[in-house]
Structures are given as C-alpha cells and as structure tokens.
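The values are calculated or read from the model by the stated rules, or taken from the named source; none is laboratory data. Because the structure is a prediction, the values reported are computed rather than measured. Because the Cβ atoms are built from the backbone with ideal geometry, glycine has one as well, and the counts that use them run over all protein chains shown. Heavy atoms of the whole protein, side chains included, go into the accessibility calculation; ligands, DNA and RNA do not. Shrake-Rupley method; radii C 1.70, N 1.55, O 1.52, S 1.80 Å.
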Amino acid sequence: MSRALFDLGARLRAAHTGRPVPVAAYGPALPPTNALAVTVDHDGEHVYVNATDGTTTLAGTDRDGLTALADLGATLGPTHRTLVVASPRDVVTLAALARAYPDEPAAPVVGWWDQRLDHPGTGAVHAVASTARLRWVLGVHPDREREVETWRTWLGVTSSGPHALLELARRTAAGSTLPGLLDANATDSAAWERYGQRLAAGRPWWARDTRIDAALGLVARSHAVEWFESLRLDDPLVAVAAAHDGTVVPGRVAACDDAAVVVEADRTLSRLRVDAKVTAWAGEPVNASRTACLDGRVLAATIGTDARLTITVGGLVRRPRGLAPGDRVTLRPGRVDPFMQANGRRLMAGGYHRGANWIAGRGKPVARRGEVPLDVIVAAAGD
Amino acid sequence: MSANLTPALAALAERACSAAGTDLDTVLGDLRDGEPHERTPPAVRAGWSALDLHPTTDQQEDA
C-alpha cells in the first residue's frame, strides 16, 4: 500500500505540472546501437511491418516485412543491432512471422532478438513503453502508460510510426546511463557471437533448445533479472521508491560492534529476510550511489514492544568502520556480481556435461528432502 | 479540486486515498495548494516530492 501511495503521489505531481516526473536519476537502458525501429501490426491473417534505421524507411507485409528488415541490415553480421519496438508483444509477433518464413535472411536475427527480450537490461531489444516507465511516471492512469501514443504526447515527440519509436528510445536512454549497465553490452555481444557460431556450424536457428541449453538459458534469464534489479537499486530515485515497499530499509544504527550492527528501521517495512545478504550505505535512500559501509547477513529481524523494527546484521565481511550509534544508514539486498553469476553458469555447464546428469538426459534424478519456507509453499499454492 | 486529472486517474486516486483513510480533495489541497493536512499519507507526500530530492538528467537538461 505504501508503494502504491508513493507512486500515486508522483503521478499526481505529473498531472499537476503536465510533465513527466522522473522516477530514475539515470538512463535505465543502453543507448540504442545502430538501431532498427519497427512497428508491427497484424489482423490475424497478415503481419504488417514498417521499419526504419533513422534514414531509410521500408514497409512490407508477411515475407516482404522480413525482407524489409533484411534490406535495412537485419542480417547475421559481425555486430548485433538494437531492435526498437513499441512493446514485447511486437517481438513475439515478429518471431512468429520469422518461424513462418525461416529461410528469410532476417529470420535468424529476429529469433535472436526474441531470445534477448527475456534478459532485462539488454541493449539488444528496446521496448519503448515498458522502458520509458522505468524512467518516468505520467499524470495518467497506469494502464495508459502501456501505449506508445501516450508517451509520444507527454514527451512531445512529433514524428510518428517507427521514427517516433526511435526518438522515444533515444530520449529514454539519454543522459548518464545507469552505472554498471554497460556490462549488458558485453553479454549481448557474447550471446550474438555464440548464436552466429552455432548457426555457422549448421544448427537451424528455429531448432528447439537442447536440454542443457534450456537449463542454462533459464539460469541466464534468471540471473539477468536479479542483476538488473540489483543494479537499479543503485539509482537514488529508484532507491527512494523502494524504501516504500521494503526492498531498501532506511534507519538508524542502534548498536554497533565488530561482530554485528543493529539498525532500527524507520518503518515496520522490510523485505530483508533472515540470512539474506545485505549491504548498506551511510545516509538516506537518496544517497544510494555511496560506497558500502556495511556488508553482511541478516541475523535477526524483530519487532519490539515499542512496535519498532530492528534488523541485526552479522557475519560482517569487514569491520564496520565509521559507524556509530545514531548514524543514519540504508540497508539493501546484497549487490549481484555479474562475474560471479557468469562463473556460476560456467560451473553449471560443466556439471551438465559431466557424468550422469539427469538434466542433460542421463540417469534419473535423486529424490532429496529439504526444508522449504512456509511463505514459499503458500506462494506456490497461490500459483 | 481534481479538475485536471483524467477521470480514470481521478477514480484510481480516489480509491487509493479512500483505502488510506483520507480523500482525494484533501490530499490535492495539501500537495498543490500548500495547505498542510495531517490526513495526507506520508507515502503520497514522499512520491510527490521525490523529484525534488535528486537532480535528474531531465532537470539538468532543463537548466
């Protein structure tokens, strides 16, 4: 409720001023690379494609639509290009079109865009409406923010069709990029190179993933989600909003020694579970870009008789220097390290290729019992 | 008071304010016209003023 009210406050401000209200201090997307902007329309029988690279605009229906993309440079080459679309649904439609005409030169590129779409933070696909929502809130009902036309009006973009998408993508990515987001570019390039190598080796682009690829792909997607969410919390305005849903917890140091730090939270609102890795910076949520002053794990989270939430952080990575009772700190979940994630995937890949790994289709899974937190069981039952 | 809100946003805001134990006109009077009111939820006030906490690229470009 608190987060919903926070968002409402920003939305009312936007309505009052008639201007978009920033909800991020940094650009939440990489600037489009050699972008192709594409509008996609379909009537159940045909798919109508209108595409531009910023100078040339081409249109086509069904197979001709894919030909238009290829003519604009959407072919397998040394470097990938950014696809700019109105919404993720357009990529799904394009992917279905590509599967209908798999021999078209643009078809495998569309297949790659479709894969990368599942990786938040990617620079390969820019869905205009959903990405703009990471940067601004508008003075309209949230449902209307899903429409490109709404963004075009509020951001004063006078062009239309794919040119408007290109302009909106540039504006959304303008200014300082979210620190750390450039890592996504290296990940995209590696994915593009690997994709090209597999196709060159004769693997059809439309072939279903092997069991190992499917498992690793799932992990890679999951890692991308965790990494991007973690990165976003380093944006001061994102952190300010996250303090209203308990993702980050501002408070005051109540006690501090070399073994543990006790933080008295401002509100009884926290998503930091016991045993979760946490880090903290000195000051308020808006000071999110500051260096960490505390790294450890949540040992306890308790609400006292005074109805105050206290969080005890122990297992400290280093002594909490410069912290004293009374100091203001903001706790957040531990930062996700993309290199550690990549190492983890490499280890998993090694495991899948070795011995009797059942995920790779060899042997049978061994049943093991483990403890599952009650809230996980309840959430699963809800699904 | 909610004249410059679209009907859909006004309805959403009214529901949210009602659930928070207040009403939209009171909240808008507080936020827009500077009539501080204790019935304005702190979270709404925080969302309204979050923009002022940090100079964003947008503001830098405007300046």
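Is it the case that segment A:352-372 has a residue that's closer than 18 Å to A:ARG271 by Cα and modelled with pLDDT under 95? For segment A:352-372, residues closer than 18 Å to A:ARG271 by Cα and modelled with pLDDT under 95: present.
Does A:ALA215 count as touching a residue at least 24 places away in the same chain (Cβ under 8 Å) and not assigned by TED's automatic domain parsing to the domain that holds A:VAL110? Quick ask: steps written out before the conclusion?
On the way: touching a residue at least 24 places away in the same chain (Cβ under 8 Å): yes; not assigned by TED's automatic domain parsing to the domain that holds A:VAL110: yes.
Yes: the conditions hold for A:ALA215.
Given the criteria touching a residue at least 12 places away in the same chain (Cβ under 8 Å), assigned to a helix (DSSP H, G or I) and farther than 17 Å from A:HIS141 by Cα, does B:GLY21 qualify?
Details: touching a residue at least 12 places away in the same chain (Cβ under 8 Å): yes; assigned to a helix (DSSP H, G or I): no; farther than 17 Å from A:HIS141 by Cα: yes.
Spelling it out, it is not the case that B:GLY21 is touching a residue at least 12 places away in the same chain (Cβ under 8 Å), assigned to a helix (DSSP H, G or I) and farther than 17 Å from A:HIS141 by Cα.
The set of residues from segment B:5-56 being more than 10 Å from chain A (Cβ to nearest Cβ) and touching a Leu at 6+ places or on another chain (Cβ under 7 Å) comprises just one member, B:GLU14.
If you take the residues of segment A:224-237 that are in a helix (DSSP H, G or I) and open to solvent by less than 30 Å² (accessible area, probe 1.4 Å), which of them is nearest to A:THR330 (Cα to Cα)?
Residues of segment A:224-237 in a helix (DSSP H, G or I): A:224-232, A:236-237.
Checking which are open to solvent by less than 30 Å² (accessible area, probe 1.4 Å) leaves us with A:224, A:227-228, A:230-231, A:236-237.
Numbers: A:ALA224: 24, A:TRP227: 20, A:PHE228: 20, A:SER230: 15, A:LEU231: 16, A:PRO236: 12, A:LEU237: 14 Å.
Restricting to residues being in a helix (DSSP H, G or I) and open to solvent by less than 30 Å² (accessible area, probe 1.4 Å), the top hit is A:PRO236.
Total residues in segment A:132-155 satisfying the condition of being closer than 15 Å to A:VAL84 by Cα and open to solvent by less than 10 Å² (accessible area, probe 1.4 Å): the figure is 2.
Inspect all residues belonging to segment A:158-169 and state whether any of them is of a type in the set (Ser, Thr, Tyr) and surrounded by 15 or more Cβ atoms within 10 Å (Cβ to Cβ).
Residues of segment A:158-169 of a type in the set (Ser, Thr, Tyr): A:158-160.
With the extra rule that they be surrounded by 15 or more Cβ atoms within 10 Å (Cβ to Cβ), the set shrinks to none.
No, segment A:158-169 contains no residue that is of a type in the set (Ser, Thr, Tyr) and surrounded by 15 or more Cβ atoms within 10 Å (Cβ to Cβ).
Here is a yes/no grid of residues against (1) of a type in the set (Gly, Ala, Ser); (2) part of a loop (DSSP other than H, G, I, E, B); (3) without any contact (Cβ under 8 Å) to a residue 40 or more places away in the chain; (4) open to solvent by 70 Å² or more (accessible area, probe 1.4 Å):
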| site | (1), (2), (3), (4) |
| --- | --- |
| A:THR310 | no, no, no, no |
| A:ARG318 | no, yes, yes, yes |
| A:MET340 | no, no, yes, yes |
| A:ALA356 | yes, yes, yes, yes |
| A:ALA367 | yes, yes, yes, yes |
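Selection of strands (runs of 3 or more DSSP E) fully inside segment A:25-122 by the criterion of at least 3 residues being open to solvent by less than 50 Å² (accessible area, probe 1.4 Å), modelled with pLDDT of 95 or more and in the same structural domain as A:GLU193 (by TED's automatic domain parsing) returns A:36-42, A:47-52, A:83-85. Looking at segment A:320-338 only, could you name the residues that are of a type in the set (Lys, Arg) and open to solvent by 20 Å² or more (accessible area, probe 1.4 Å)? Across segment A:320-338, the qualifying residues are A:ARG321, A:ARG328, A:ARG335. As a summary of the residue check, A:HIS16 satisfies the conditions (1) modelled with pLDDT under 95; (2) within 14 Å of another protein chain (Cβ to nearest Cβ); (3) open to solvent by less than 50 Å² (accessible area, probe 1.4 Å) except for the one numbered (3).
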